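Heads up: the structure comes next, in C-alpha cells.
The values are calculated or read from the model by the stated rules, or taken from the named source; none is laboratory data. These numbers come from a predicted model, not from an experiment. Neighbour counts run over all protein chains shown; Cβ positions are idealised from the backbone, glycine included. All accessible areas refer to the heavy atoms of the entire protein, side chains included, with ligands and DNA or RNA removed. Shrake-Rupley method; radii C 1.70, N 1.55, O 1.52, S 1.80 Å.
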Amino acid sequence: MRKNLNLSFLLLLCTFISQAQFNAGYQYSNSVPVVISGDTLSAPWAGGVNNPQFSPMDFTGDETQELFVFDRDGALRKGFKYNKAKKKYEWIPILTEDSLSFERHFPKLCDRGFCLIRDFDGDGKADIFSTSNFENMEVHRNTGANVPSYELEIEQVTYRKGNNNLPIRFARNTIPVIKDIDGDSDLDLMFFPVNYSDICSFSTFTNQSIEEYGSADSLEFSLDNTCWGEIRVSGGAHPIHNWREFSCDTTCNIFDEQRDMDITMTQNLHDLDGNGVLDLLVTYDHYDELFGMYNSNTSTQGVINQALNDNAFPSNDVQVKLNNQPYPYFFDVDQDGDDDMLIGANQINNVDPNEYDTSDAVISDVYYENTGSDANPVFELHCRGFFSGEMLDVGIRSYPCFGDMNGDSLPDMVVGNIGYNTFNSALSSARLFYYINVGTKGNPIFRLEDDDFAKVSELGIRSAHPTLGDIDGDGDTDLLVGDHTGHIQFYKNIGFSTAYSFKLFPNYEQIDVGGEAHPQLIDLSTDGRPDIVAGDEYGRIQYFENKSTTNEPDFTSSPTVEDMGAINVWIDFKGKAAPHFTRYIDGSSDLYLLLGTGRGRINIYGPITDITDTFNLVDSILVEATETSITGIDLLGDEREELVIGQRAGGLYFLEKVNNTNIGFKGIKGNKATLSIYPNPTSATAKVSMPSSGDGLAKLRLTDLQGRVIHSESIRVKGKIFNENIDLRAYPSGVYLVSVIENDTIRWAKLIKE
C-alpha cells in the first residue's frame with residue numbers, strides 16, 4: 001500500500017508541475033510600441049511611477065550600473081539597466097518566477113515609506129535602509145554573492161542620547177540623508193526632526209562604528225548636532241524663504257506662532273560648489289521648487305551663509321519645478337564620471353479614497369545633467385520625465401479597455417484615470433486617453449490620439465473607468481464610463497464605425513453599484529447582446545442582463561444578480577473589484593473571471609458554468625502594483641488574449657501568455673473539496689483544515705512549483721478534524737501545493753503566498 005501511495009503522490013506532483021504556471025503562464029512584455037507626440041517610448045509597459053526614489057547599484061555583478069527605483073506610493077520595486085550604447089536606462093521586467101529580477105530579490109517594503117540603497121558595511125554590496133511601521137527605520141543587509149539576497153539586520157534603528165537608546169523616527173514624507181557626514185568612512189544620518197520635543201532644526205546622528213569597533217560594519221548612532229547649518233524656519237507667508245540664525249543653546253520655544261511644528265522638511269546634502277564641504281538642498285510641504293543653501297564652514301558641523309541662498313535653484317539654468325516636494329538624488333546618471341542630479345516627486349497625501357494631493361502625476365521625475373565636473377558642478381536641465389516620460393502613464397490609477405474606434409478591424413485602446421487634487425487649487429476631473437492602433441494585425445502600435453476622449457472631463461467626475469462595445473447593435477462602438485459615485489455614463493456613438501461621435505446619456509438607467517463603478521460590456525447570457533457587469537469599491541460584482549429582443553438595449557436599475565459569484569474582496573484584498581470576464585484565457589473556451597483588487601493581486605475564478613453560482617478562486621496573477629484593473633484582447637494575432645493591467649501608479653503592464661496550459665490545476669485528480677486553507681492568499685501563516693476519514697494520522701506536505709517538498713510533517717486528528725498551521729514567512733511569494741496524505745488518499749489544495 002505504501003508503494004502505491006508514493007507512486008500516486010509522485011504522479012500528483014508531476015501533474016502539478018506540468019499544469020501549474022506562475023502567473024497563470026503570463027509574462028511581462030515591453031514589445032508593443034507606444035508613441036506620444038512623435039516619440040516612441042522606451043518603457044511603455046513598465047507600469048508608471050508616482051513618487052520614485054532612485055538608488056544606483058550593481059545588481060547583476062557585471063560592473064554595469066543598474067538603478068533600483070522604489071515608488072513609495074504602493075511600495076513598488078522596479079529595476080533599470082544602463083545601456084551605454086543607447087545612453088539610456090532600459091526597464092528590466094520580471095520574466096519568470098526564477099528570473100533575475102528586482103521584484104523577486106528585494107523584500108517587500110513599507111508602503112508610503114522610503115527606500116535608499118547604501119553599502120553600510122563596506123563589503124561592496126548594496127544594503128537597504130527603509131521605513132518600518134510608518135515612522136521608524138529598518139536595515140536589510142545584503143548577504144548575496146553576485147546577486148542580492150537580503151536579511152533583516154536591524155528592525156528599529158536607534159540613537160544614543162545620554163544613557164538612553166531612543167528610536168529614530170521620521171514624519172510623513174521625510175527622506176533622511178544617509179551618507180558619511182563626518183568623514184570617518186561610516187554612514188551617518190541627517191534630517192529635520194518633526195515631533196521631537198527638544199529638537200527643532202536640522203540634526204545629525206553620527207555613526208559610532210569606526211570610533212568603537214574600528215570598522216564601518218555597525219549601525220550605532222549618537223545624537224551629535226541639533227542645529228546643523230545654524231538656521232531655522234521663521235514662518236511668514238513663504239516660510240521656505242524665511243530663515244533665522246539659530247544656535248543650539250536656544251530652546252525650541254522661541255518659534256513664532258506662524259511656525260507649524262508638524263511641517264515636513266525634506267532635505268539632502270551635496271557639495272554644490274565643489275569646495276569640499278556639504279551644502280544643503282531643501283524643500284517644504286506642497287512646494288514644487290528646491291532651494292540651495294551654501295555651507296560656509298570647513299568643519300562637518302555646517303554653517304549656512306544665508307546671503308548665498310539660491311531661491312531659484314539652480315539659478316544658472318532652468319529652476320527646478322516638480323509637483324509634490326521634489327527630492328534630489330545625486331549620482332552619475334549618464335556614466336561620464338561626475339555626479340548628476342535626478343529629482344523625484346516625494347510627497348504623498350491621502351485626503352480620502354478618491355482625493356489625492358498628487359497634482360499631475362504623469363511626469364514625476366526631472367533630470368539635470370552635470371555639464372561641469374564634481375570639482376565645479378554645473379547642473380543644467382536635460383529633460384523632464386527621464387524615467388516617467390518613457391512610460392505610458394495617465395497619472396493616478398489607470399483603467400484600460402479596447403475597441404475598434406475607426407473601423408479598421410484593429411483594436412484601439414482607451415485608458416481612464418482619476419482626477420487630480422492639487423493643494424490650494426481646484427479639483428480636476430477624471431478623463432480618458434485614446435490611443436489609436438496604427439500598426440497591423442498581430443503587430444500593434446499605439447499612438448496617443450486624444451487626451452480627453454469623448455470630452456469626459458466635462459462631467460467633472462472623480463473616476464472614469466471605460467468599457468467599449470456595440471451596445472445598441474448599430475455596427476459602431478459605444479462607450480460606457482463608470483464613475484466614483486457608482487453610476488454609469490452612456491456615450492452613444494451617433495457617428496459611424498469609421499468615425500465616432502458621441503451623445504451622452506448621463507446616469508444610464510439609474511444603475512448604481514455603490515461607490516466607484518468598474519464596468520465591463522460582455523455577453524454573459526450568450527444571446528448575442530452585450531450585458532453589463534460592474535465591480536465596486538467595496539469588492540463586489542453586480543450583473544445587469546440586457547433583456548432586449550431588438551437592437552435597442554434594455555437594462556433596469558436593479559441588478560439581475562446582485563452579489564455575483566458570492567465574491568467580496570473587501571477584507572482580504574481591500575476591495576476595488578474590477579472585473580474582466582473572458583473565454584479566451586487558456587484555449588479551453590471556458591468562462592473565467594479575472595478580478596483586479598485594491599491590494600493589486602489579480603484573482604482568477606472559474607471555470608464558470610452558471611453565472612448565478614458561487615465562483616471558485618482557482619489561480620492568481622501577481623504584479624508589482626496596487627489598485628489594479630484588467631482587460632484582455634488578442635493583440636498579437638495568436639488567437640488568445642494578452643492582458644493589459646492598469647494600476648494606481650497610472651501606467652500599464654502588458655502580459656503575454658507563453659502557452660495554452662489550462663488555468664489552475666485541472667489535470668490533478670484528487671479530493672480537494674474537503675481540504676480548506678484560510679487565509680488564502682496569505683502573507684504569513686495559514687490554517688489547513690480537513691475532516692479525517694481514517695485512523696487520525698496523516699502526512700502534511702508543502703510543495704513548490706518545481707515539485708520540491710519544502711515542508712513535511714506528521715499531523716494528528718483532533719476531534720475528527722485535522723487543524724494545522726503552516727508558516728510561510730520564510731518562503732518567497734508564489735504558488736504552493738498543500739497536500740494531506742491519509743492512508744491511501746491524497747487531498748490537495750493550492751496556497752498562494754503574497
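Annotation: amide H-H contacts under 5 Å for Phe581 (H modelled 1.01 Å from N, sequence separation of 5 or more, or interchain): Leu594. The order of the peptides 400-407, 591-598 by mean Cβ neighbours within 10 Å, most packed first, is 591-598, 400-407. With R₀ fixed at 56 Å, the C-beta to C-beta distance from Asn242 to Asn146 puts the FRET efficiency at about 0.65.
In the assembled protein chains, Asp111 presents an accessible area of approximately 60 Å² (probe radius 1.4 Å). Sequence-ordered 3J(HN,Hα) estimates for region 737-742 from the Karplus curve with 6.51, -1.76 and 1.60 and θ = phi - 60° stand at 10, 9, 10, 10, 10, 10 Hz, glycine and proline given as x.
Extension gain for the segment Ser31 to Glu458, taken as residue separation times 0.36 nm less the Cα-Cα distance, is 150.3 nm to one decimal. Check which residues have an amide H placed less than 5 Å from Ser463's amide H, if you skip close sequence neighbours. Sorted by chain and number, the residues that satisfy this are Gly419, Ala430, His484. Within the assembled protein chains, the solvent-accessible surface assigned to Ser558 is about 70 Å², based on a 1.4 Å probe. When the Cα positions of Asn370, Ser714, Leu189 are compared along the charge dipole of the chain, Ser714 comes out farthest toward the positive end, with charges on each C-beta of Lys, Arg, Asp and Glu. By its C-alpha gyration tensor, with a ≥ b ≥ c as the square roots of the eigenvalues, how is region 116-202 shaped: rounded for a/c under 1.5, else prolate for a/b larger than b/c, else oblate? Prolate shape, in that a/c is at least 1.5 and a/b is the bigger ratio.
Under a 1.4 angstrom probe, counting protein chains only, how are Thr477, Thr158, Thr283, Thr440 ranked by accessible area, largest first?
Ranked from most to least accessible, the order is Thr440, Thr158, Thr477, Thr283.
A simple rule links phi to the HN-Hα coupling: the Karplus curve 6.51 cos²θ - 1.76 cosθ + 1.60 with θ = phi - 60°, which for region 156-171 gives 9, 6, 10, 9, 8, 9, x, 9, 10, 9, 10, x, 7, 10, 10, 7 Hz, with x for Gly and Pro. Note on region 467-494 and region 107-144: Cα centroid distance 47 Å, given to the nearest whole angstrom. Remark: the Cα gyration tensor places region 279-395 in the oblate category, a/c being 1.5 or greater and a/b not exceeding b/c. Amide H contacts under 5 Å for Lys88: Asn83, restricted to partners 5 or more places along the chain or on a different chain, H placed in the peptide plane at 1.01 Å from N. Matching the structure-derived Rg/Rh (Cα atoms, Kirkwood Rh) against the labelled list (1) 1.06; (2) 1.19; (3) 1.00 gives the label (3).
Each residue, Ser215 and Phe496, gets one label point 7 Å from its Cα in the Cβ direction; the gap between the two is 7.8 nm. Magnitude of the charge dipole for the chain, about its Cα centre and with charges confined to Cβ atoms of Lys, Arg (+1) and Asp, Glu (-1), is about 3020 debye.
Of interest is the spacing of the C-alpha centroids, which for region 550-602 and region 434-457 amounts to 25 Å.
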